[in-house]
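To keep things clear, I will list the structure first and then write my remarks on it.
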Amino acid sequence: MVIATLSGFLPLDFAGEAAPLIDLSNPTAPDYRHKYPPVEIRDARELQHGTESEATFFARHGFVLLSHATAVTDWDADIGSIYLAEIEEIIRKRLFPGRRVEVQQSPNLLRRGRGTSTPFYADGVHSDGPRTAEAYALNVAAFASEEGAQWWRTTYDRDDVAGFVSIDFWRTTNMRGPLQHMPLALCEPNSVDPADMVPSSMVGVAPHGRTSHHLAMRYNPRQRWYFYPEVTTDELIAFKLSEFWKDDETAHPQNVFHSAFLDLEAPSDAEERQSCEHRVGVLILRDDSIAQG
């Protein structure tokens, strides 16, 4: 466990139905987000140790650490030819074994840190995914096109689709040793009061000035935060961005709020983080017996 300060929370007394729009393209825009006293960030390796299976842990906690030595050597050139197939195999065999799924992914990674086009880290508490399928379709339109959003909605509305999970596959890249600089804090979804999840929107994330839809969060001392100490390049963190189930629309939201954070116990000369995020959609299909009935 470490003690660290996380920024990006909404004020405790925030009462609006939606957070103010954040315009990342305007560096002078006011920042409504607040810092709170340091929080405990527990050791997720200890939490995961001895669990029944990776899939069970992922379903219960919304995140999981996976051992995975990738064959990728060039994080610009090898994604379509190597990484997509690796991720699909992980989804089918390790996260949803025995389930009928359809995987939606494209050869686009978000790379961060040293030597990338995004040299900064997302060090404010946030959820990249929204709470509803309707808002997710709006994000497809924002990041792709209206036609893409219509295709996604038509696909999701099929009778044989039971639900949808959006997953972020996060890992370090091109690092010599285990990660100590700006690790990733993850908030267990079931520790978050749904009333503390507040719709937010941003300009400057999606292309062409389009508005994208996310979630902000009120600070609550009951929230449980975790991190995986000293992640290596042969490990991969999978965590849920959104999850929707047609037959249980009142299920507790499974959005994993997260943030990079400064670990004050890390060495001052720790190797600067380089990492990548690969966001994948997974349609969960009904069992054959249900689909036929």
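Within segment 269-287, the set of residues being in a loop (DSSP other than H, G, I, E, B) and modelled with pLDDT of 95 or more comprises Asp269, Ala270, Glu271, Glu272, Arg273, Arg286. Residues that are in a strand (DSSP E or B), aliphatic (A, V, I, L, M) and either within 27 Å of Lys246 (Cα to Cα) or in contact with a Ser or Thr (Cβ under 7 Å, 6 or more places away or on another chain) (or both): does segment 181-194 have at least one? So far as segment 181-194 goes, yes, one or more of its residues are in a strand (DSSP E or B), aliphatic (A, V, I, L, M) and either within 27 Å of Lys246 (Cα to Cα) or in contact with a Ser or Thr (Cβ under 7 Å, 6 or more places away or on another chain) (or both).
Against the list (1) of a type in the set (A, V, I, L, M, F, W, C); (2) at pLDDT 95 or above; (3) farther than 18 Å from Pro130 by Cα, the condition Val165 fails is (3). Residues that are of a type in the set (A, V, I, L, M) and either in contact with a Pro (Cβ under 8 Å, 6 or more places away or on another chain) or farther than 19 Å from His213 by Cβ (or both) are absent from segment 116-133. For first residues located in segment 104-124 and in contact (Cβ under 8 Å) with a residue 12 or more places away in the chain, partners that are crowded, with 17+ Cβ neighbours inside 10 Å and of a type in the set (Asp, Glu) and lie 6+ apart or on another chain with Cβ distances below 7 Å form the pairs Leu109/Glu277; Leu110/Glu277. Of the residues making up segment 122-129, none is over 22 Å from Ala185 (Cα atoms) and not hydroxyl-bearing (Ser, Thr, Tyr). Can you find a residue in segment 154-165 that is in a helix (DSSP H, G or I) and touching a Lys or Arg at 6+ places or on another chain (Cβ under 9 Å)? Yes; the residues of segment 154-165 include at least one that is in a helix (DSSP H, G or I) and touching a Lys or Arg at 6+ places or on another chain (Cβ under 9 Å). Do we find that Ser200 is closer than 22 Å to Asp23 by Cα, surrounded by 15 or more Cβ atoms within 10 Å (Cβ to Cβ) and of a type outside the set (A, V, I, L, M) in this structure? Spelling it out, Ser200 is indeed closer than 22 Å to Asp23 by Cα, surrounded by 15 or more Cβ atoms within 10 Å (Cβ to Cβ) and of a type outside the set (A, V, I, L, M). Val231 meets all of the listed conditions (1) surrounded by fewer than 18 Cβ atoms within 10 Å (Cβ to Cβ); (2) in a loop (DSSP other than H, G, I, E, B) but one, namely (1). Could you please find all residues in segment 249-274 being hydroxyl-bearing (Ser, Thr, Tyr) and either touching a Phe, Trp or Tyr at 6+ places or on another chain (Cβ under 6 Å) or within 19 Å of Ala216 (Cα to Cα) (or both)? Matches in segment 249-274: Ser259 only.
No other residue among Ala71, Ala142, Ala85 is closer than 22 Å to Cys276 by Cβ, in a loop (DSSP other than H, G, I, E, B) and not hydroxyl-bearing (Ser, Thr, Tyr) apart from Ala71. If you check Ala142, Ala137 for being free of Cβ contacts under 8 Å to residues at least 40 places away in the same chain and not aromatic (Phe, Trp, Tyr), only one passes: Ala137. Scanning segment 91-103 for residues that are touching a residue at least 40 places away in the same chain (Cβ under 8 Å) and either in a helix (DSSP H, G or I) or β-branched (Val, Ile, Thr) (or both) yields a total of 5. Of all the residues in segment 149-202, those that are farther than 28 Å from Arg94 by Cβ and touching a helix residue (DSSP H, G or I) at 6+ places or on another chain (Cβ under 7 Å) number 2.
Within segment 219-228, work out how many residues are crowded, with 17+ Cβ neighbours inside 10 Å and under 21 Å from Pro37 (Cα atoms).
Of the residues in segment 219-228, the ones crowded, with 17+ Cβ neighbours inside 10 Å are 219, 223-228.
Next cut, under 21 Å from Pro37 (Cα atoms) only: 219, 223-227.
Number satisfying all stated conditions: 6.
Contact annotation: residue pairs with Cβ atoms under 6 Å, 6 or more positions apart or on different chains, pairing a residue in segment 258-279 that is closer than 25 Å to Tyr83 by Cβ with a partner that is part of a loop (DSSP other than H, G, I, E, B) and among the polar types (S, T, N, Q), are Gln274/Thr173; Gln274/Asn174; Cys276/Thr173. Filtering segment 145-175 down to residues that are among the charged types (D, E, K, R) and touching a residue at least 60 places away in the same chain (Cβ under 8 Å), which residue is nearest to Cys187 (Cα to Cα)? In this case the residue turns out to be Asp168.
The values are calculated or read from the model by the stated rules, or taken from the named source; none is laboratory data. All of these numbers come straight from a predicted model, not from anything done at the bench. No Cβ is skipped: glycine too gets one built from the backbone with ideal geometry, and neighbour counts run over all protein chains shown.
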